[in-house]
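Below is one structure, written out as structure tokens; the observations come after it.
The values are calculated or read from the model by the stated rules, or taken from the named source; none is laboratory data. Keep in mind that this is a model prediction, so the values were computed, not measured. Cβ: placed from backbone, ideal geometry, glycine included. Neighbour counts: every protein chain shown.
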Amino acid sequence: MTVTVEIRASLHRVWEALVDPAQVTQWDGAVPVKVPEGYPCPGQRARWRVRVWGVPLILHDEVRDVLPLRCLRTRLRYAFTRIEEEYRLEESFAGTVFLTSDNFLQAWGFSFLPVFLVSWQHKRATCRVMRDVQSAMTALVYHCENEPSKNE
């Protein structure tokens, strides 16, 4: 699933909002539990406290690849869900930023269920993740366009 938004802010502003744990909490609601110094760097693992379907969970975040101001790839895990997530940033000629979030969902741990239930559960989880991604991207746009940057 892919979501792209246009943000009326600088590339630096959008990148800062994506990688600064305090700002992630502001726009996404994920609270850092254990985020290493210098986050994000490839190979680092972080933990965040999140709520999914109203249930408090720990989200495990493994940084896969980082191209500063261009791309951030992570593998996320919580409950029975794994998500391969990639953010790509592209600056427009108008000075705005196009931010694309690609998410590949893999539900796991349901091998004990009949095939039709696994399929139904995966479809349900996919719809929920898509709504969550769209909501997070909308909140990120608002955050970048209306909250002051720490560094600009």
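For every residue, the table says whether it meets (1) among the aliphatic types (A, V, I, L, M); (2) under 19 Å from Val133 (Cα atoms); (3) free of Cβ contacts under 8 Å to residues at least 24 places away in the same chain.
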position: Lys34; (1), (2), (3): no, no, yes
position: Gly38; (1), (2), (3): no, no, yes
position: Arg47; (1), (2), (3): no, yes, yes
position: Val50; (1), (2), (3): yes, yes, no
position: His60; (1), (2), (3): no, yes, yes
position: Asp65; (1), (2), (3): no, no, yes
position: Arg75; (1), (2), (3): no, yes, yes
position: Ile83; (1), (2), (3): yes, yes, no
position: Leu89; (1), (2), (3): yes, yes, no
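Applying a threshold of 7 Å to beta carbon distances and a minimum spacing of six or more residues, or different chains, the list of pairs starting in segment 92-118 at a residue that is among the β-branched types (Val, Ile, Thr) and ending at one that is at pLDDT below 95 reads Thr100/Thr2; Val118/Phe110.
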